[in-house]
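Input: a single structure, listed below in structure tokens.
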Amino acid sequence: MAGEADLAVLLRVMRPELHAQAYGYAVSDQAIAGAFAQICEAEGMTVIAEVAVLAAAGIAVLAHWARITLTVHSDLAAVGLTAAIARALAAEGISANVVAGFYHDHVLVPWERRGDAMAALRGLSDV
């Protein structure tokens, strides 16, 4: 099934969902069971996981991040969704890290700004 590619539709129906647990970023030399994402880079493997998962693996977390999933099935080739999200969050002074899955986009924002980020993203649906 193909995802949605029309930016206006994506913004209108993206329905951001805030996950309850805090996430962290770490570098590991091995895969971490239960991680949300693991990205292999030349310098090492970046692991994104719930803070509790990282702690159980003995990995300290420097900062806590909130994971927001855009529940719309977006097409990987859709143009403008990441830019629109980045603009909305930047206007509020919120940093964002976007991870695209096959079905959904996930935005990680500073834990303490998660409410503001949700408001900014919901505001995109009102345009």
Q) Does the range 47-93 hold any residues that are closer than 22 Å to R122 by Cβ and small (G, A, S), and which are they? A) A66, S74, A78, G80, A83, A84, A86, A88, A90, A91, G93
Q) Between residues in the range 45-58 that are free of Cβ contacts under 8 Å to residues at least 24 places away in the same chain and residues that are part of a strand (DSSP E or B) and hydroxyl-bearing (S, T, Y), which pairs lie under 6 Å by C-beta distance while being six or more apart or on different chains? A) M45/S28; V47/S28
(Q) Suppose we filter the range 105-127 for residues that are touching a helix residue (DSSP H, G or I) at 6+ places or on another chain (Cβ under 9 Å) and small (G, A, S); how many remain? (A) 4
Q: Name every residue in the range 74-104 that is out of contact with any helix residue (DSSP H, G or I) (no Cβ under 9 Å at 6 or more places or on another chain), of a type in the set (G, A, S) and closer than 20 Å to Q21 by Cβ, in order of residue number.
A: G101
**Q.** helices (runs of 4 or more DSSP H) contained in the range 1-102 and holding at least 1 residues modelled with pLDDT of 95 or more and surrounded by fewer than 18 Cβ atoms within 10 Å (Cβ to Cβ)
**A.** 51-56, 81-91
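The values are calculated or read from the model by the stated rules, or taken from the named source; none is laboratory data. Please read these numbers as outputs of a predicted model, since none were measured by experiment. Positions of Cβ are backbone-derived with ideal geometry, glycine not excepted, and every protein chain shown enters the neighbour counts.
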